[in-house]
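The values are calculated or read from the model by the stated rules, or taken from the named source; none is laboratory data. Quick caveat: nothing in here was measured; it's all calculated off a predicted structure. Heads up, the Cβs are rebuilt from the backbone with ideal geometry, glycines too, and the neighbour counts pull from every protein chain shown. All accessible areas refer to the heavy atoms of the entire protein, side chains included, with ligands and DNA or RNA removed. Shrake-Rupley method; radii C 1.70, N 1.55, O 1.52, S 1.80 Å.
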Amino acid sequence: PPATAPSPPGPDMALRRLLLIAAALAAAAAPAAAFYLPGLAPVNFCEAGKEKPECKSGIELFVNRLDSVESVLPYEYTAFDFCQAEGKKRPSENLGQVLFGERIEPSPYRFTFNKKETCKSVCTKTYDTTKPEDKQKLDFLKKSMLLNYQHHWIVDNMPVTWCYDVEDGQRFCNPGFPIGCYITEDGRPKDACVINSEFHEKDTFYIFNHVDIKIYYHVVENEALGARLVAAKLEPKSYKHTHPDNPDCSGVPMDISNKASGEVKIAYTYSVTFHEEKSIRWASRWDYILESMPHTHIQWFSIMNSLVIVLFLSGMVAMIMLRTLHKDIARYNQMDSTEDAQEEFGWKLVHGDIFRPPRKGMLLSVFLGSGTQILIMTFVTLFFACLGFLSPANRGALMTCAVVLWVLLGTPAGYIAARFYKSFGGEKWKTNVLLTSFLCPGIVFADFFIMNLILWGEGSSAAIPFGTLVAILALWFCISVPLTFIGAYFGFKKNAIEHPVRTNQIPRQIPEQSFYTKPLPGIIMGGILPFGCIFIQLFFILNSIWSHQMYYMFGFLFLVFIILAITCSEATILLCYFHLCAEDYHWQWRSFLTSGFTAVYFLIYAIHYFFSKLQITGTASTILYFGYTMIMVLIFFLFTG
């Protein structure tokens, strides 16, 4: 369990609550359309024998994929030999859930509202270690306990949480619980084995084959409707049931020795109790999970840190723009009046070369087009996330929103790429459009496809089914590409960007540059400031992706996004001014790469995070981590540039 004490919810949570309360009030005022977030309506439950069309008594428990902090490979519930639900159909998943490898399936655990069950048997699994297929199933279970794989159960679209005490008397609520745990050969308990002193046999696995589930409900004021579930908590236990047909849930824990041979019997059981909870409203039922997520105060510290950088930069830029440029211009005007034959100096010298088309202008224009597409996509996605449309309760919504927006934003990409390419004096417009449509998305798709092959080979649930791959390709080829062509058509139809000064026939020679105005040192320096703004947020985002924590601080992220955009622009303007004063007029690529270099720092940070924070083991997991990181780095490079 994390040893960090959670902090009180920050203003971001308060804003989220305010939105939820407003929505809940609106819902209460109009019971006919009781939505609290788009697409999520409350479900009412009532006791058996009192069912009505708007209120049911059966509560279903769904199971999600199982994942681990020590491995990037998630597996679906059916990959393990647990009790299976017979003949029930799976709920449908949206694009975002499929891309993130979520696989929600029905489970054999069924409850009736307000009916207490004690030590109810679900099924018994028997393994004969002399049979190869039984041995293989048991070995897979042992391996997953060794890697601390976690169950994720869902009741009424709420994660079933396991809450335990951490240091400082705080409670941490984990939206998952382990399959089991392992005591090493030297008697050291790993992971969850620390919770029970009875787990002490050396080189032994203990499986959590019993769960005590507590379901909390809130009775709706209008009695006729029934009750709504506001929390589901469980405690995993381990019992060696001596009579699996008539279990009593007492006695010694269920141990599986690593060297066990012969027959192993595992009986799965559960108990469920219902408790009325008057203080939690249905609309704020996610709060107890989010509140136990640590580190909101660090966020404000990071925002202040970023704002200081932005203010410092803005001050520098303003000073240069106002004072230095004003002085320069005054001096140049003065020279015109006195018609001094004195030598020109500074940036005025390069006016005849400043708009010379850059080398590899085609590639630059394509990068600019793709970058614009990503920039707008990120802005709109984060804006919606801030409004609470893409909350964790709306599973997979964030990813779906991002992919759909990216596909629909082909037009600005084509338009921007075409405009710049035309102003660079390019003629091959067909090549330009094709590259804009296929270069960057193609690299991302190829990387993604290779990662998918590895996942598929490992039998992981994160492997995307063939149908979904075809659907993504269809979105790309049938919607995104035509839209890019439309954008490019309008971009090429418009007149090229007019330059205020003519370009000289003969390029002027660039004088010897000092160390810090050379291209490479300038670019390396330029990436530091934007990275300084985001690196604390980056830690939380990487945590939510690789350590399976929920990410809900979109208000902070949106602020950081705006700050990052400003910092990138200002740092680039500043460095551009310096090297123009040093009479180096190759500014187009340099300005793109100066802020784009932030992505290289991002990569270095991701490598540091991998070695210092993650306990990932196994070749496949390592390749996947770096494969997915490379996709993020490319997207980030285009976006910052």
Debye, to nearest 20: dipole size of the chain, +1 on Lys, Arg Cβ, -1 on Asp, Glu Cβ:
1280 debye
Going Cα to Cα from K89, which aspartates and glutamates come in below 12 Å? Please leave out same-chain ones fewer than 8 positions away.
E105
Of the accessible area of the chain, computed with a 1.4 Å probe and all protein chains kept, carbon and sulfur make up a percent value of 64 percent
Cα centroid distance between the range 64-85 and the range 546-601, in Å?
40 Å
Pairs of lysines in the range 325-445 (C-alpha under 26 Å apart; 8 or more residues apart or interchain):
7
Computed Kirkwood radius, in angstrom, where 1/r is averaged over Cα pairs of the range 398-450:
12.4 Å
Debye-sum result for the range 44-292 in log10 I(q)/I(0), which assumes one identical scatterer on each alpha carbon, at q = 0.10, 0.14 Å⁻¹
-0.53, -1.03
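Kirkwood hydrodynamic radius (Cα pairs, Å) of the range 365-414?
For the range 365-414, the Kirkwood estimate is 11.2 Å.
Which translational diffusion coefficient, to the nearest whole µm²/s, is obtained for the range 360-498 from the Stokes-Einstein equation, given a Kirkwood hydrodynamic radius over C-alpha pairs, 25 °C and 0.890 mPa s? Could the numbers behind the result be given before it?
Values: Rh = 16.2 Å.
For the chosen part, D equals 151 µm²/s.
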Residues of the range 447-462 with amide nitrogen under 15 Å from the 7 Å Cα-to-Cβ point of M630?
447-455
Given [x] 25.3, 78; [y] 29.9, 108; [z] 38.9, 130, which label gives Rg and Dmax of the Cα atoms in Å as computed from the coordinates?
[y]
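Rounded to the nearest 500 deg cm²/dmol, what is the calculated helix-only ellipticity per residue at 222 nm for the chain, with -39500 (n - 2.57) per DSSP H run of length n ≥ 4?
Numbers: 17 runs with 287 residues, N = 641.
That calculation yields -15000 deg cm²/dmol at 222 nm.
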Per 0.36 nm of contour for each residue apart, how much would the distance between F383 and E276 grow if the chain were fully extended, relative to their Cα-Cα spacing?
34.8 nm
In Hz, Karplus ³J(HN,Hα) per residue of the range 497-513 (6.51, -1.76, 1.60; θ = phi - 60°; x = Gly, Pro)
4, 6, 9, x, 10, 6, 8, 5, 5, 9, x, 7, 7, 8, x, 4, 9
Got the relative contact order for the chain handy, in percent, Cα pairs under 8 Å and 6 or more residues apart?
17 percent
With an 8 Å cut-off on Cα pairs and a minimum separation of 6 or more residues, tell me the relative contact order of the range 233-330 in percent.
14 percent
For the chain, what is the accessible area per residue in Å² when the probe is 1.4 Å?
48 Å²
Long-range amide H partners of C163, meaning residues 5 or more apart or on another chain whose placed amide H is closer than 5 Å, are N174, L234
Find how many whole Å separate the alpha carbon centroid of the range 518-538 from the alpha carbon centroid of the range 359-430.
23 Å
Please state the shape class of the range 55-158: rounded when a/c is under 1.5, otherwise prolate if a/b exceeds b/c and oblate if not, all from the C-alpha gyration tensor.
oblate
What relative contact order, as a whole-number percentage, does the range 360-498 give when Cα pairs under 8 Å and 6 or more residues apart are counted?
37 percent
Out of T436, W456, A393, whose Cα points farthest toward the positive end of the dipole of the range 360-498 (charges: +1 Lys, Arg; -1 Asp, Glu; placed on Cβ)?
T436
So in the range 44-292, what percent of DSSP beta bridges are antiparallel if you round to the nearest 5?
85 percent
If Lys and Arg each add +1 and Asp and Glu each add -1, what is the summed charge of the other residues whose beta carbon sits under 10 Å from the beta carbon of L141?
+2
Measure of compaction for the range 157-219 (Cα Rg per 2.2 N^0.38 Å):
1.36
